[in-house]
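A.B. asks: Have a look at this one.
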Amino acid sequence: MPKNPELRKVWEQRIADYRKSGQTQVNWCKENQWSIHQFKYWLRKIENPIKNQGKSTKWASVTLEDHSQTVENSLRIEISGISIVEKVIRNTMIFCILT
C-alpha cells in the first residue's frame, strides 16, 4: 500500500491527462507547472509498481559456536546479477543478498 494513496491518485490523474494531451513530457510539465523530474518519478512509480516495491537488502546472522578460531575471510558469489556476500566478523557469520 502506498504511503499516501491520495497523492498517488492525484498523480495517476495527472499522467492520464498528460497522455490525452498528445504533448511531450517536457511541454506538458511546463504548461502545467510541474517539475519534469517529479513527473518522471511518478510515471515510473505508477507504471512499474512491482519493480518499485520494497527492494531491500536482507541480512542473516549466524553465531559460531566454536570460539577457538577467529576467521577473517569473506566470500562473494554472483549469479545473474544477484550477489551473495558472506563475512565472518568476531565469530559471527553475516550474509548479505544484493539484488
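Every number in this text was worked out from the coordinates using simple rules, so none of it is lab data. This is a predicted model, so every value here is computed, not measured. Note: ideal-geometry Cβ built from the backbone for every residue, glycine included; neighbour counts use all protein chains shown.
A.B. asks: Ranked by Cβ crowding within 10 angstrom, fewest neighbours first, how are ARG44, ARG8 ordered?
C.D. replies: Exposure proxy ranking, most exposed first: ARG44, ARG8.
A.B. asks: How high is the FRET efficiency between GLU31 and ARG8 when r is their beta carbon distance and R₀ equals 30 Å, given to the nearest 0.05?
C.D. replies: Here the calculated transfer efficiency is 0.85.
A.B. asks: Something else: Would you kindly work out the equivalent ellipsoid of the range 5-47 from its C-alpha gyration tensor and give its semi-axes, the square roots of five times the eigenvalues, largest first in whole Å?
C.D. replies: Gyration-tensor ellipsoid for the range 5-47: 16, 11, 9 Å.
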